[in-house]
1. Could you count how many residues in the range 285-308 are part of a helix (DSSP H, G or I) and surrounded by fewer than 19 Cβ atoms within 10 Å (Cβ to Cβ)?
2. Counting only residues that are assigned to a helix (DSSP H, G or I) and either modelled with pLDDT of 95 or more or surrounded by fewer than 24 Cβ atoms within 10 Å (Cβ to Cβ) (or both), how many does the range 67-80 have?
3. Considering each of Glu256, Glu276 in turn, give the residue that is within 14 Å of the chain's Cα centre (by Cα) and acidic (Asp, Glu).
4. Give the number of residues within the range 165-222 that are in contact with a Leu (Cβ under 6 Å, 6 or more places away or on another chain) and surrounded by fewer than 17 Cβ atoms within 10 Å (Cβ to Cβ).
5. Taking the criterion of being among the acidic types (Asp, Glu), touching a helix residue (DSSP H, G or I) at 6+ places or on another chain (Cβ under 6 Å) and closer than 27 Å to Pro310 by Cβ, would at least one residue in the range 114-125 satisfy it?
6. Tally the residues that are in contact with a Ser or Thr (Cβ under 7 Å, 6 or more places away or on another chain) and not in a helix (DSSP H, G or I), restricting the search to the range 309-329.
7. So which of Lys137, Lys180 is among the charged types (D, E, K, R), at negative phi and without any contact (Cβ under 8 Å) to a residue 40 or more places away in the chain?
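The values are calculated or read from the model by the stated rules, or taken from the named source; none is laboratory data. Values in this document were obtained by computation on a predicted structure and should not be read as measured data. Here the Cβ is made from the backbone with ideal geometry for all residues, glycine too, and neighbour counts use every protein chain on show.
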Amino acid sequence: MTTIFARRTLALTMGGFTAALALFGANAQAAQTINLGHTLSDSSHYSVGADAFKETLERLSDGEFTLVEHPSGALGGERAMIEGLQIGTVDVVITSTGPLGNFVPESYVLDLPFLFKDYEQARCVLDGNIGQQLLDKMGKHNLVGLAWSENGFRHMTNSKHAIKTPADAKGLKVRTMENKVHMEAFKQMGVHPTPMAFPEVFTALQQGTVDGQENPITVIVATKFWEVQDHLSLTGHVYSPAVVLGSPVLLDGLNEEQRGWFFEAAAASAAATREEVSRLEREGVELLRGKGMTVETDINKAPFQEAVKPAYKIYTDQYGSEMLDLIRDSGC
């Protein structure tokens, strides 16, 4: 009897243990980790967007997916992370469009200087058919365009002197994005454009490898560029969107409902990021003044617009004018 009882007890115990393992395995399988990368700090507008993505995805999936944010270039520079998306080593990336043209040439149109007059026009274009067309084109280049997000209008900073005209910028070594449209525009102003991955920029400015850089107020604040730059000029020379990209290696393996969760999470991320951009645009300039930067607000943009006109011809000669014409005729 003792032996039979012991066997039954052991069987029950093992059965319970097996059931527990099965439950644990099911839960472990349900909680699939999604790695989201970006190059800005965990206090930046990108991080605000990452938080919104995480909250939305985990809520919609009821814990089936859990998201881990990797800020500050922990997964590499923007170009490296986009390459990671293509091979499936990274799941989701929030990135500027700087390196995107290397993968999706059609997106170069967004980097043309003085293309958009204000935030309302830029958001109108990107949230409409033109923006969706560009997102759809990313699928042809082994990327999934989830949503258009935002950085803001780009401005120039440097450690040498105030910039009020293109002539003031002549001869300066300025870090630019790895983007030939941007680089050509700065060459036309007499600037020496120096492309480099964003995680390298602060040190390059600190060591004097470059004299200046150009970015939206959001990025200037998030990166604390006031520590290595004395002058800010509100040139607003380029509207800089951001884009939320997904890996086809991940998304192609999901069902329709699961893919929908990622698109909803990306939309929530973009909305939260834009709200933060708007806040920083209101408050950031005064913060930078308070940190000791000299801010030039009275900028006559006409000479800058004239100086960068050749960049348009370079774009249209290589890619045609179809997308540019669509934006100009969009009614936004």
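1. The qualifying residues number 9.
2. So the first thing to find is which residues in the range 67-80 are assigned to a helix (DSSP H, G or I), and the list is 78-80.
Retained after the next criterion (residues that are either modelled with pLDDT of 95 or more or surrounded by fewer than 24 Cβ atoms within 10 Å (Cβ to Cβ) (or both)): 79-80.
Count: 2.
3. Details: Glu256 fails: within 14 Å of the chain's Cα centre (by Cα).
Unique residue meeting the criteria: Glu276.
4. Adding up the residues that qualify gives 0.
5. In the first step, residues of the range 114-125 are kept if they are among the acidic types (Asp, Glu); the result is 118, 120.
Adding the requirement that they be touching a helix residue (DSSP H, G or I) at 6+ places or on another chain (Cβ under 6 Å) leaves none.
No - not one qualifying residue is present in the range 114-125.
6. 0
7. After ruling out the rest, the residue left standing is Lys137.
Rundown of residues vs (1) surrounded by 17 or more Cβ atoms within 10 Å (Cβ to Cβ); (2) modelled with pLDDT under 95; (3) β-branched (Val, Ile, Thr), yes/no style:
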| site | (1), (2), (3) |
| --- | --- |
| Ala6 | no, yes, no |
| Ala20 | no, yes, no |
| Thr33 | no, no, yes |
| Leu36 | yes, no, no |
| Leu57 | yes, no, no |
| Phe65 | yes, no, no |
